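Read-outs throughout are calculated quantities, based only on the coordinates presented, and are distinct from any laboratory measurement. These numbers come from a predicted model, not from an experiment. Positions of Cβ are generated from backbone atoms using ideal geometry, with glycine treated the same way; all protein chains shown enter the neighbour counts.
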Amino acid sequence: MKLYSTYYQGDLKQENQEEILDEVTEIDLVVNLKLREDVLIEKCLGRRVCSECGKGFNVASIDAKAENGLPGMIMPPLLPPQHCASKLVTRADDTEPVVKERLRVYKEKSQPVEDYYRKQGRLMEFDLPGGIPESWPKLLEILNLDDHHHKKSAAA
Ligand SMILES: [Zn+2]
């Protein structure tokens, strides 16, 4: 099964990207990875880069309660080792207005792609329960139980 996943920080730069994707590869299922927007913004604002070695870290410690139908979420910070800690800088474009604008543009561009695959029944929405360690096992579990997957497997 071939998968294509979208992500809020992914870049969808071209128009009609979904058609281009269909031309270059056969896509069975598109997984739309979704993250709570408040958590996403907090995480983006927590990004730091070591000015010496260039490694990326994240100082945001997420402990969001479940509310208004949104899933609760825990994402520990990705803290730097001691020799990087004093050299951390924030990227100039990791400010709240810039992050929010990036999100707005992303939504605008990803909407047609989502709609395209949704109409064909090839879009699966997946609410990320946390970081990769928490999300990956759940994603695999859902994919195994997914009807679409069984149908495709049976046909293969
Ligand atoms: Zn460093």
Summing +1 per Lys or Arg and -1 per Asp or Glu among the other residues with Cβ less than 10 Å from residue 84's Cβ gives +2
Expected sort for 53, 84, 44 with the fewest Cβ neighbours (10 Å cutoff) up front is 53, 84, 44
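Can you give the Kirkwood hydrodynamic radius of the stretch 50-122 from its Cα pairs, in Å with one decimal?
Working: mean 1/r = 0.0636 Å⁻¹.
So the Kirkwood estimate lands at 15.7 Å.
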